[in-house]
Amino acid sequence: MNPDVELVSRALSSAAAEATTIPELGRVISEQIMPLVPHDGYMLRGVDPLTGAACFLTKEHGYGASFYRALETAEILGHDQHTLVGMIRSGRPVALLESGPLGGRHGFRHQEIMNATEVGGELRVALATGGRAWGLLVLLRGRGSRPFSPADAVNAGRLSTLLAEALKQYVAGRFLRPVRSAPPPGVVVIDSSDTIRAVTRTGRDWVRKLVPDIETADEGEIFAHVWNIALTARQPGRQALSRIPGPDGWIVLQAQLLDEPGSGGVAVTIQSASSDVLLPAAAVLYGITSREQEVIRWALDGLAVKQIARALRLSPHTVNDHFKAIYRKTGVNSREELVSGLSR
């Protein structure tokens with residue numbers, strides 16, 4: 001490993017462990033990679049590692065909500081070769097895009113947005129590790145600044161897996177837990193033209209919990225996740241579900257088409273994530289095996305070790321070994337802490 005990259009790797013690991021919020025994570029990542037890839041602004045987008053749906057966004061000196069919606073629309077519909085999924089499948093984790101007619105190949109709408117802003121160039125970095133996508137980092141340089149170079153792209157490529165590990169470490173460091181003292185589920189109804197037609201009172205409360213930079217967010221940014229998951233629901237074969245690490249625990253967005261043929265309307269439900277939703281994510285985050293998940297499910301139902309052993313046709317000693325492995329992987333210290341962490 002390049003000595004500079006190795007130094008950044010150690011710093012990223014420490015910074016991700018110490019970050020307490022998503023905006024703070026974005027800032028420390030930007031600061032740590034600045035010496036290797038100088039930039040004027042950034043956007044850090046996290047995705048649900050199981051469904052690929054967006055789960056958070058933080059930015060500094062970046063585009064507004066219109067770009068984020070264009071980025072997500074291109075990702076979901078596959079209209080841009082530089083989407084997260086496309087970059088990972090191609091084996092090229094970095095893409096350079098410049099404003100103007102000679103820029104990298106991307107959607108016309110995106111080109112329009114770049115030309116209408118002070119952004120002169122983008123460097124996109126796909127964040128993937130362990131065969132899974134965890135997010136996308138978009139580094140920006142202002143118009144008039146030196147364009148991103150092939151050397152910048154090489155450095156970013158060396159950092160891509162390290163950045164993905166840092167993002168995964170941050171998420172795993174917030175042990176999966178539902179939101180405490182959560183309000184009742186909220187609902188947002190969106191029509192075929194993406195106009196918000198109705199929002200329940202608790203729906204608006206939940207939507208505000210989805211945005212890490214709520215104090216500076218506009219209406220477009222506040223409802224961005226809702227629009228994105230609604231678009232996903234309209235795509236055949238896509239699971240319209242996103243687990244979102246909120247400030248007080250995990251939130252889940254789910255969307256389904258309204259039972260009105262041809263209407264294109266979507267109902268989005270927002271609520272505290274249940275253990276059934278969190279367990280598959282825990283398996284990915286902590287490397288929990290299918291057998292260990294079975295043990296956890298029985299523990300959540302309140303069964304004692306001997307009862308779990310009978311249900312799974314294992315010895316009590318083996319069940320206890322599974323619990324020890326689960327504690328070690330997740331960082332909890334007891335069965336009570338494990339159950340509390342996954343119970344609403």
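The values are calculated or read from the model by the stated rules, or taken from the named source; none is laboratory data. These figures come from a predicted structure and were not determined experimentally. Cβ placement follows ideal geometry from the backbone for every residue including glycine, while neighbour counts extend to all protein chains displayed.
Identify, from the list 182, 156, the residue that is among the hydrophobic types (A, V, I, L, M, F, W, C), over 17 Å from the mean Cα position of the chain (by Cα) and part of a helix (DSSP H, G or I). The unique qualifying residue is 156. Pairs are defined by a Cβ separation below 7 Å, a sequence spacing of at least 6 or placement on different chains, a first member in region 306-321 that is assigned to a helix (DSSP H, G or I), and a second member that is of a type in the set (Lys, Arg); the pairs so defined are 316/306. Number of residues in region 15-29 that are surrounded by 13 or more Cβ atoms within 10 Å (Cβ to Cβ) and either free of Cβ contacts under 8 Å to residues at least 40 places away in the same chain or not small (Gly, Ala, Ser) (or both): the value is 9. Considering region 19-43 alone, what residues qualify as being aliphatic (A, V, I, L, M) and more than 14 Å from residue 169 (Cβ to Cβ)? Within region 19-43, 33, 34, 36, 37, 43 qualify. Return yes or no: is residue 125 buried (at least 21 other Cβ atoms within 10 Å of the Cβ), modelled with pLDDT of 85 or more and out of contact with any helix residue (DSSP H, G or I) (no Cβ under 6 Å at 6 or more places or on another chain)? The answer is no for residue 125.
Inspect region 128-135 for any residue being crowded, with 24+ Cβ neighbours inside 10 Å and either touching a Ser or Thr at 6+ places or on another chain (Cβ under 7 Å) or free of Cβ contacts under 8 Å to residues at least 12 places away in the same chain (or both) and give the result as yes or no. No. Of the residues 288, 222, 244, 296, which is among the β-branched types (Val, Ile, Thr) and touching a strand residue (DSSP E or B) at 6+ places or on another chain (Cβ under 7 Å)? Only one candidate qualifies: 244.
Filtering 253, 167 for residues that are touching a Leu at 6+ places or on another chain (Cβ under 6 Å) and either assigned by TED's automatic domain parsing to the domain that holds residue 22 or not in a helix (DSSP H, G or I) (or both) leaves a single hit, 167. Applying a threshold of 6 Å to beta carbon distances and a minimum spacing of six or more residues, or different chains, the list of pairs starting in region 249-272 at a residue that is over 28 Å from residue 341 (Cα atoms) and ending at one that is among the acidic types (Asp, Glu) and surrounded by fewer than 22 Cβ atoms within 10 Å (Cβ to Cβ) reads 265/191. Restricting region 30-44 to residues that are touching a Leu at 6+ places or on another chain (Cβ under 8 Å) and hydrophobic (A, V, I, L, M, F, W, C), the residue that is surrounded by the most Cβ atoms within 10 Å (Cβ to Cβ) is 44. Of note, residue 10 satisfies the criterion of being at pLDDT below 80, within 16 Å of residue 164 (Cα to Cα) and assigned by TED's automatic domain parsing to the domain that holds residue 159.
Here is a check on your reading of the model: is residue 182 in contact (Cβ under 8 Å) with a residue 60 or more places away in the chain and crowded, with 20+ Cβ neighbours inside 10 Å? Answer is no for this residue. Do we have any residue at all in region 3-14 that's in contact (Cβ under 8 Å) with a residue 24 or more places away in the chain, over 28 Å from residue 143 (Cβ atoms) and in contact with a strand residue (DSSP E or B) (Cβ under 7 Å, 6 or more places away or on another chain)? No; the residues of region 3-14 include none that is in contact (Cβ under 8 Å) with a residue 24 or more places away in the chain, over 28 Å from residue 143 (Cβ atoms) and in contact with a strand residue (DSSP E or B) (Cβ under 7 Å, 6 or more places away or on another chain). Is there a residue in region 221-231 that is in contact with a Phe, Trp or Tyr (Cβ under 8 Å, 6 or more places away or on another chain), of a type in the set (Gly, Ala, Ser) and not assigned by TED's automatic domain parsing to the domain that holds residue 329? Yes. Within region 305-331, the set of residues being buried (at least 18 other Cβ atoms within 10 Å of the Cβ) and within 19 Å of residue 286 (Cβ to Cβ) comprises 319, 322, 323, 326, 330. Inspect region 166-176 for any residue being over 17 Å from the mean Cα position of the chain (by Cα), buried (at least 21 other Cβ atoms within 10 Å of the Cβ) and not aliphatic (A, V, I, L, M) and give the result as yes or no. Within region 166-176 (the criterion being over 17 Å from the mean Cα position of the chain (by Cα), buried (at least 21 other Cβ atoms within 10 Å of the Cβ) and not aliphatic (A, V, I, L, M)), the answer is no, since none of the residues qualifies.
Residues in region 222-243: is at least one in a strand (DSSP E or B) and within 23 Å of residue 25 (Cα to Cα)?
At the first step, the residues of region 222-243 found to be in a strand (DSSP E or B) are 241-243.
Applying the additional criterion that residues be within 23 Å of residue 25 (Cα to Cα) yields 242-243.
Checked against the condition, which is being in a strand (DSSP E or B) and within 23 Å of residue 25 (Cα to Cα), region 222-243 yields at least one hit.
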